[in-house]
Each structure stands twice: as structure tokens, then as C-alpha cells.
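See structure below.
The values are calculated or read from the model by the stated rules, or taken from the named source; none is laboratory data. Just so we're clear, the structure is a prediction, and the values are computed from it rather than from any experiment. Note that we place each Cβ from the backbone using ideal geometry, even for glycine, and neighbour counts take in every protein chain shown.
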Amino acid sequence: MTISLHLPNSASMRSIKFAAVAAATAIGALLIAGCNPAIHFASLPAATASAPTTAGTVPATATPGAVPAASASQLPISVESDSQMQAAGNEGPSSSILFPTSCELAGATITAEGVYTNGGFVPNVYNRYGDIIVLYVLAAPSPGYAEGMQLGVSDVSESPVLGSPAPWHVSLSISPSAGVPARCVVAAQPTHDGQFAP
């Protein structure tokens, strides 16, 4: 019985040997780079330098071309005066019970926060009117809008009941097409929910 062996020719043996040497060289370079952080980070493309590695992570601040997250900005905030309330048809108790502490714009969301005046005591009359804390967002004054055009108002479902635990907060979303928010106003707004006096 005859057994024939098919051996590769010398040309294919040389190409296999060359590929093996090239692979060994590449693996050796990676091992050396892994032991030397300076070489390791310098040899990585910018797109992968921020990816976590088993040896550690690259801080986000060190990533070339990184785009920082949008930061929040503070808007001036005030309380609607009694005369402004009456001009708007709001005949409920004064909004002076509100003491806003901030109004923050983050992306398209505006959030106002605050506490209550008078040591946090909220008279029962606000409960009888079913008052909620409403947030108004206004643009800068412009011709025909001395106080600024109203860009948005908080929805009843997102407006806390006046007398809810402090600090209170109320939010609304503004579409970029509505305009540029310039200031915030909060008010005690009656819902006229039927609540009987004690």
C-alpha cells in the first residue's frame, strides 16, 4: 500500500512563515505598549482613547475633541405682584406667600424652586381656593411686550399644590422655536376646586 503525502511547496511555506513572524511582532508590540502607559495611550487612535481598558480608564477630560455636556443656566425669577395678578384676572390670595430661590434652564426644561415666606406657614385660605404654584416663562421685553412675551406656563398636572412640603419645585418644557427664555415668574393660581371653609 502506498501513502502519498502532500507537502506545501517552498513558496507557500515562506508566506506562512512571514505571516507568523508578522503576527508575533504585532503581539509583542501590543504587550510592550500595554506595560508602558505613555506608549499605550499615544499609540491609540483618538476615537478609542476614551474607551475603558483593563489597565485603567482614560479620563473624559483627556479625550481629544470631546464635547462637554450642556450646562444649566440660571434665569432671574420673581413673584407675580398683586396688581399683576388682578390684571390677569387672578382674584385669589396673594402670591407673596411664595419665596423662589432659583430658576434653572437645562436643555429645553425650566425648573423653578423655592420655599414659603412666613416661616413656611401657609394659611388655610390658599387651600380653600385650591391654589397651585404656577410657573410662567417670559422672553426679554420687546415692542408691544413691555414685560416680555410669554413663552410657556406650567401645566396644572405639573404644578404643585400651594402648601405642599417645601422646598417646592415646578417645571415646564420650552420648544426652541418658542423663543429665548429671559426670566421666570411664579404665582399662586386658584383652580377653584370646591373646598368648603371650615
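Okay, here's what the table says:
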| item | result |
| --- | --- |
| Residue that is modelled with the lowest pLDDT, among those in region 96-137 that are under 14 Å from Ser159 (Cα atoms) and outside any strand (DSSP E or B) | Gly130 |
| Which numbered condition Ala140 fails, given (1) at pLDDT 95 or above; (2) among the small types (Gly, Ala, Ser); (3) in contact with an Asp or Glu (Cβ under 9 Å, 6 or more places away or on another chain) | (3) |
| Criterion (at pLDDT below 90, out of contact with any strand residue (DSSP E or B) (no Cβ under 6 Å at 6 or more places or on another chain) and hydroxyl-bearing (Ser, Thr, Tyr)) met by exactly one of Ser164, Ser175 | Ser164 |
| Residue identified as surrounded by fewer than 13 Cβ atoms within 10 Å (Cβ to Cβ), at pLDDT 95 or above and not aromatic (Phe, Trp, Tyr) among Gln74, Gln86 | Gln74 |
| Residue list for region 89-131, restricted to those being over 22 Å from Ala182 (Cα atoms), surrounded by 15 or more Cβ atoms within 10 Å (Cβ to Cβ) and touching a Phe, Trp or Tyr at 6+ places or on another chain (Cβ under 9 Å) | Gly92, Pro93, Ile97, Tyr116, Val122, Arg128 |
